[in-house]
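Participant: Got a structure for you, questions after.
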Amino acid sequence: MTDPVLSMYGLDRNKCSVIAFGNGLINHTWKITCENKDFLLQKINQQVFKTPEDIMENLRLLAEYFTHYYPDYLFVAPLQTVQGLNFTKQDNDYYRLFPFIKNARSVDTVTDPGLAFEASRQFGEFTGLLSTFDPHLLQITLPDFHNLALRFRQFEDALVNGNKKRMTQAADGIRFLKDQQAIVEEFEKIKTHPDCKLRVVHHDAKINNVLFDSRNNRGLCIIDLDTVMPGYYISDVGDMLRTYLCPVSEDEPDFSKMKIREEYFLEIAKGYFSEMKQRLSETEKLYFVYAGKFAIYMQALRFLTDYISNDIYYSIRYEEHNLVRANNQIMLLKKYMEKEKILYDILISCIHAA
């Protein structure tokens, strides 16, 4: 497999070592070492991303923009083939080669508020520097990915057509999520509000999509840019609030371990506003706390929809895995809403800080 791919980048397979790299759940990745130079080779998962060439066109446009306007910004662009393309196609599979970033590390859990600050600053810087880039130039690589109204309709459809036994098991969660429909209505207001701007956002702002300097834990750059599309800033902030605030993941069945860490909320807000405070409208800033509700509620809907649809989307490790995940996110949403006033006060202090 790798021989013809590497040859498209002028690399001799006989002089290269190839080893599987990382624990990504979507794309297959290998570390390539060739004549003392390191690279990452990646095969795009076409089960998830149906139009790989749209992804690569987006990356080309972004790379050109950063090279022209912000040449010092670390944008990890795919390298060009000998044909001048930023990808190669072999046997109907799409591959791209990236430079390997020295002295960089990634983490899977947020164990320190400083990491939350650095990650949030990285996502804020990315969207902030792209404020003068027209988001409509980008292709939609995952249609309706963060369309909350659609996720709610899919949930309602599942309640009509889904597994009746599983609906009975999930009755309390179903009732709670239906009672929170106002979160969907608020999202619809954002989409039509003149002060809420469509921006270039990452759409998957989990901590493992940030590279940190292994020497001092400073944020270096963001990676896994296949989901970069036009959207609203609440998508990235919401992802961070959903996955950074709680010390345990969505797979945790022991809900007594779950809590909202206010000090992490403060660092997320400080990090993001350090790059975006002057670029967000006053209306947008006030949706920062809502962003957490938006993301947690959407993920709860998706897990519960999948459970009552007999687990057709998410991989599971046991029969009630998606139900546990859904109830986990429902509990997270309840805990988040209990602290909403406290979080809002923290937000206001950050907005008014010098």
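The values are calculated or read from the model by the stated rules, or taken from the named source; none is laboratory data. Keep in mind the model is a prediction, meaning the values are calculated, not measured. Backbone-built Cβ (ideal geometry, glycine too); neighbour counts: all protein chains shown. Surface accessibility is based on the protein's heavy atoms, side chains included, excluding ligands, DNA and RNA. Shrake-Rupley method; radii C 1.70, N 1.55, O 1.52, S 1.80 Å.
Participant: Along the charge dipole of the chain, pointing to its positive end and built from +1/-1 on Cβ of Lys, Arg, Asp and Glu, which listed residue (ILE19, LEU142, TYR65) has its Cα farthest out?
Facilitator: Working it through, the farthest residue towards the positive pole turns out to be ILE19.
Participant: In addition: Using θ = phi - 60° and the Karplus form 6.51 cos²θ - 1.76 cosθ + 1.60, what ³J(HN,Hα) does each residue of region 163-168 get, whole Hz, x for Gly and Pro?
Facilitator: Coupling constants for region 163-168: 6, 5, 5, 5, 4, 5 Hz.
Participant: Between LYS191 and ASP54, how high is the FRET efficiency from 1/(1 + (r/R0)^6) when r is the Cβ-Cβ distance and R₀ = 25 Å? Nearest 0.05.
Facilitator: Once the sixth-power term is evaluated, E becomes 0.65.
Participant: A further question on this structure: For region 189-251, how big is Rg over Rh, using alpha carbon atoms and the Kirkwood form of Rh?
Facilitator: Working: Rg = 13.9 Å, Rh = 13.3 Å.
Reported Rg/Rh (Cα atoms, Kirkwood Rh): 1.05.
Participant: Taking amide hydrogens as modeled 1.01 Å from N in the peptide plane, which residues meet the under 5 Å criterion relative to GLN139, leaving out close sequence neighbours?
Facilitator: ASN58
Participant: Ordered by residue, what ³J(HN,Hα) values in Hz, to whole numbers, does region 115-123 give under the Karplus form 6.51 cos²θ - 1.76 cosθ + 1.60, where θ = phi - 60° and Gly and Pro are x?
Facilitator: 5, 4, 4, 5, 5, 5, 4, 5, 5
Participant: Read phi for every residue in region 341-353 and hand back ³J(HN,Hα) as whole Hz from Karplus 6.51 cos²θ - 1.76 cosθ + 1.60, θ = phi - 60°, with x for Gly and Pro.
Facilitator: 5, 4, 5, 5, 5, 5, 4, 4, 5, 6, 4, 8, 5
Participant: Next question, about the same structure. Quick check for you: with a 1.4 Å probe and neighbouring chains kept, what is the accessible area per residue of the chain, in Å²? Provide the component values of the computation, followed by the final result.
Facilitator: Values: 16680 Å² over 354 residues.
So the chain comes to 47 Å² accessible per residue, rounded to a whole number.
Participant: Positive end of the charge dipole of the chain (Lys, Arg +1 and Asp, Glu -1 on Cβ, about the Cα centre): tell me which of LEU40, LEU129, ASN103 has its Cα farthest that way.
Facilitator: Most positive-ward Cα: ASN103.
Participant: If each Cα of region 262-312 is one equal point scatterer, what is log10 of I(q)/I(0) from the Debye formula at q = 0.22, 0.29 Å⁻¹?
Facilitator: Log-scaled intensity ratios, in q order: -0.82, -1.09.
Participant: Next question. If amide H atoms are built 1.01 Å from N in the plane of the peptide, which residues on other chains or at least 5 residues away come under 5 Å of the amide H of HIS28?
Facilitator: For HIS28, whose amide H was placed from the backbone, the distant partners under 5 Å are LYS43, ASN45.
Participant: Still on this structure: Can you pull out the chymotrypsin sites (Phe, Trp or Tyr not before Pro) in region 59-92 whose DSSP state is coil and whose Cβ has at most 10 other Cβ atoms within 10 Å?
Facilitator: The qualifying sites: there are none.
Participant: Taking square-rooted eigenvalues a ≥ b ≥ c of the alpha carbon gyration tensor, is region 263-354 rounded, prolate or oblate, where a/c under 1.5 means rounded and, failing that, a/b exceeding b/c means prolate?
Facilitator: Because a/c hits 1.5 or more and a/b exceeds b/c, region 263-354 counts as prolate.
Participant: Taking amide H positions as placed 1.01 Å from N in the peptide plane, with prolines and chain starts having none, which residues 5 or more places from LEU79, or on another chain, fall under 5 Å of its amide H?
Facilitator: Amide H neighbours of LEU79: LEU97, PHE98.
Participant: Something else about it: Treating the angle as unsigned and between 0 and 90°, give the value, to the nearest 10°, between the Cα long axis of helix 233-244 and the longest Cα principal axis of the chain.
Facilitator: 80
Participant: Another question, then. By how many degrees, 0 to 90 and rounded to 10, does the Cα axis of helix 52-69 deviate from the longest principal axis of the chain?
Facilitator: On a 0 to 90 degree scale, this one is about 80.
Participant: Using a 4.7 Å cut-off between beta carbons, which cysteines in the chain end up with no partner cysteine at all?
Facilitator: Here CYS196, CYS221, CYS246, CYS350 come out as lacking a disulfide-compatible partner, given the Cβ-Cβ threshold of under 4.7 Å.
Participant: Treating the angle as unsigned and between 0 and 90°, give the value, to the nearest 10°, between the Cα long axis of helix 321-338 and the longest Cα principal axis of the chain.
Facilitator: 70
Participant: What do you get for trypsin sites (Lys or Arg not before Pro) in region 287-351 restricted to DSSP loop and a cutoff of at most 13 other Cβ within 10 Å of the site's Cβ?
Facilitator: Listed in order of number, the matching sites are ARG317.
Participant: Kindly provide the chymotrypsin sites (Phe, Trp or Tyr not before Pro) of region 267-346 that DSSP labels as loop, not H, G, I, E or B, and whose Cβ sees at most 15 other Cβ atoms within 10 Å.
Facilitator: TYR313, TYR314, TYR318
Participant: Which of ILE190, ILE308, ILE342 moves the most in a Gaussian network model of the chain with Cα springs under 10 Å?
Facilitator: ILE342
Participant: Run the numbers on region 155-257 and let me know its relative contact order in percent, using alpha-carbon pairs under 8 Å that are six or more apart.
Facilitator: Taking the mean separation of contacting Cα pairs over the length of region 155-257, I get 23 percent.
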